[in-house]
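*Asks:* To start, I am sharing the structure in question, which I have written as structure tokens.
All of the numbers you see were taken from the coordinates with simple rules; none came from a lab. Just so it is clear, the structure is predicted and the values come from calculations on it, not from any experiment. Note: ideal-geometry Cβ built from the backbone for every residue, glycine included; neighbour counts use all protein chains shown.
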Amino acid sequence: MSELADRLHQVDERIAGAARAAGRDLSDITRIVVTKFQPVSMIRELHGLGVRDFGENRHQEAAEKASEGSGLDLTWHFVGQLQSKKARQALGYARVVHSVDRESLIAALAGEHPVVDCFVQLNLTDDPNRGGVRPDEAPRMAELVAGADGLRLIGVMAVAPLGVDPRRAFARVRETSDRVRAIVPEADRISAGMSGDFWEAVESGATHLRIGTAITGNRPDPA
Ligand SMILES: *Cc1c(COP(=O)(O)O)cnc(C)c1O
């Protein structure tokens, strides 16, 4: 088994273990492999190993990879901050946008195109420059997404802040998800959990895990 196959297998075993421990159905959990900075050759290898859901956080890089991998049946998840002026272009490949966090972006994404699944991103830090809305703003943002043409709100997304117990962070995400679902009942998905905290995320109800280095190995330095 290649090292990549080995790491993928180990992560999937841990996800299955976390789901079992939490009494959750594994089929409710989507494991996205975040391949930012990794070459297309790795995406092909992961595809060969059965991976179909890929995450990228920069438009230019994502567009290039999606174009090179267009013969494969891949689902692209956009997980990074998205500039409004790049939003329409990102819809050329992204079927899911995890980082909706402002009205101008909703307006840029909305339109007559195949329906795009959206998460409202939460900012759990005190730094307003981080992507995401404050949790108390999430219900209003959710309502705007749900009301926009061509967008389907499916839930909330968050990154657990460094130096904080991820269980506490994910509990806040869970609470916010409940408030959003009170307004948009079908938006019941939670995108949370990365290489270092996906076990806790599964315990806390995450349905979409965004896992990079635990599967890909270290990222090459950005050029
Ligand atoms: C890079 C990234 C990930 C994956 O991070 P790892 O720690 O490598 O698993 C997940 N979510 C977002 C938004 C990212 O930018």
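*Asks:* Which GluC sites (Glu not before Pro) in the stretch 77-176 sit in a loop by DSSP (not H, G, I, E or B) and have at most 11 other Cβ atoms within 10 Å of their own Cβ? Mind showing how you got there, number by number?
*Replies:* Working: sites: GLU103, GLU112, GLU137, GLU143, GLU175; in loops: GLU112.
Filter output for the stretch 77-176: GLU112.
*Asks:* With a 10 Å radius around each residue's Cβ, average the other Cβ atoms per peptide and rank 58-67, 28-37, highest first.
*Replies:* Working: 58-67: 17.5, 28-37: 20.5.
Those peptides, ordered most packed to least, come out 28-37, 58-67.
*Asks:* Mind sorting MET194, MET157 by how few other Cβ atoms lie within 10 Å of their own Cβ, fewest first?
*Replies:* Working: MET194 18, MET157 29.
Fewest-to-most ranking of MET194, MET157: MET194, MET157.
*Asks:* May I ask you to work out the translational diffusion coefficient for the stretch 115-218 at 4 °C, viscosity 1.567 mPa s, via Stokes-Einstein with Rh from the Kirkwood sum over Cα pairs, reported in whole µm²/s?
*Replies:* Values: Rh = 13.8 Å.
Rounded, D is 94 µm²/s.
*Asks:* Here is a follow-up. Ranking LEU49, LEU162, LEU122, LEU74 by Cβ neighbours within 10 Å, fewest first, what do you get?
*Replies:* Working: LEU49 16, LEU162 8, LEU122 29, LEU74 19.
With the sparsest Cβ surroundings first, the list reads LEU162, LEU49, LEU74, LEU122.
*Asks:* Viscosity 1.306 mPa s, temperature 10 °C: what is the translational diffusion coefficient of the chain from Stokes-Einstein with a Kirkwood Rh over Cα pairs, rounded to a whole number of µm²/s? Walk me through the intermediate numbers first.
*Replies:* Working: Rh = 17.6 Å.
Calculated translational D: 90 µm²/s.
*Asks:* Beyond 17 Å, what share of the Cα-Cα pairs of the stretch 51-143 is found? Please give it as a whole percent.
*Replies:* Values: 2076 of 4278 pairs.
So the pairs more than 17 Å apart make up 49 percent of the total in the stretch 51-143.
*Asks:* Where a ≥ b ≥ c are the square roots of the eigenvalues of the C-alpha gyration tensor, would you call the stretch 1-105 rounded, which needs a/c under 1.5, or, failing that, prolate if a/b is larger than b/c, or oblate?
*Replies:* Numbers: a/c = 2.54, a/b = 1.40, b/c = 1.81.
It is oblate, given that a/c is not under 1.5 and a/b is not larger than b/c.
*Asks:* Alpha carbon centre of the stretch 165-223 versus the stretch 48-81: separation in Å?
*Replies:* If you average the Cα positions of each part, the centres end up 19 Å apart.
*Asks:* Helix-only estimate, please: 222 nm mean residue ellipticity of the chain, summing -39500 (n - 2.57) across DSSP H runs of length 4 or more and dividing by its residues, to the nearest 500. Could the numbers behind the result be given before it?
*Replies:* Details: 9 runs with 89 residues, N = 223.
Rounded to the nearest 500, the figure is -11500 deg cm²/dmol.
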